[in-house]
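The values are calculated or read from the model by the stated rules, or taken from the named source; none is laboratory data. Bear in mind the structure is a predicted one, so any value in this text is a computation, not a measurement. For neighbour counting, all protein chains shown are included, and Cβ atoms are generated from backbone atoms with ideal geometry for every residue, glycine included.
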Amino acid sequence: MSANKRSFFGGGLGISHVFRADKLVGARGGLELEFFHILGPDTYPPESADTRKNQHFYLTSLTIPLNIRFSFGKRTRFLFEFGGRGGFIVLGHYTADVLKTNPNQESYFEHTKTNKAPLGLGTVGLNSGFGVSVPLNEKLDLLVRPDVGANLYFMDQSKVQLYGRLCVGIHLK
């Protein structure tokens with residue numbers, strides 16, 4: 001297992017429930033649907049020994065975060081969370097330029113695309129974040145929580161992906 005030097009970006013949607021939200025210590029569980037794009041440099045995927053360049057993985061994952069939450073403050077609540085997450089890939093495809101050799105022994109790169117990425121492969125990870133919950137009115141709060149984490153994706157020889165993200169949400173009272 002080694003650090004991954006790929007470009008990684010995406011977005012997502014989620015829903016969560018905070019247990020003991022009005023207490024100093026609570027817990028948050030949820031369900032997140034994440035869409036992300038991984039741009040890889042020259043690598044060798046596990047299904048082939050071919051040299052590949054300009055690799056792109058377009059993946060959608062379903063994850064379940066479980067976090068311990070510390071919250072403090074009266075009207076505006078400050079939050080600190082840490083915990084873990086687990087999930088699996090539900091949709092995806094993959095493109096790359098693959099090194100080929102023609103009958104004249106000349107090498108060239110051919111752009112290929114698969115309709116499926118390695119579906120069902122899992123991810124586990126750790127995350128933590130610090131945020132704020134600001135009351136908008138008597139029924140809604142605005143939640144802003146940047147967090148950082150590390151996920152282990154079970155693809156390309158199980159690489160670790162470090163990430164930062166900004167979570168923005170609405171809390172219904």
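In this structure, Leu79 does not qualify as without any contact (Cβ under 8 Å) to a residue 60 or more places away in the chain and within 23 Å of Leu13 (Cβ to Cβ). Residues that are over 25 Å from Val25 (Cβ atoms), assigned to a strand (DSSP E or B) and of a type in the set (Gly, Ala, Ser) do occur in region 96-118, at least one of them.
Just checking, how many residues over region 1-43 are surrounded by 13 or more Cβ atoms within 10 Å (Cβ to Cβ) and either in contact with a helix residue (DSSP H, G or I) (Cβ under 7 Å, 6 or more places away or on another chain) or modelled with pLDDT under 70 (or both)?
At the first step, the residues of region 1-43 found to be surrounded by 13 or more Cβ atoms within 10 Å (Cβ to Cβ) are 4, 6, 8, 10, 12, 14, 16, 18, 21, 26-38, 40, 43.
Then keep just the ones that are either in contact with a helix residue (DSSP H, G or I) (Cβ under 7 Å, 6 or more places away or on another chain) or modelled with pLDDT under 70 (or both); that gives 4, 6, 8, 40, 43.
Final tally of qualifying residues: 5.
Going through (1) part of a strand (DSSP E or B); (2) surrounded by 13 or more Cβ atoms within 10 Å (Cβ to Cβ); (3) modelled with pLDDT under 80 one by one, Met155 falls short only on (1). Across region 61-82, the number of residues qualifying as assigned to a strand (DSSP E or B) and either surrounded by 20 or more Cβ atoms within 10 Å (Cβ to Cβ) or at positive phi (or both) comes to 8.
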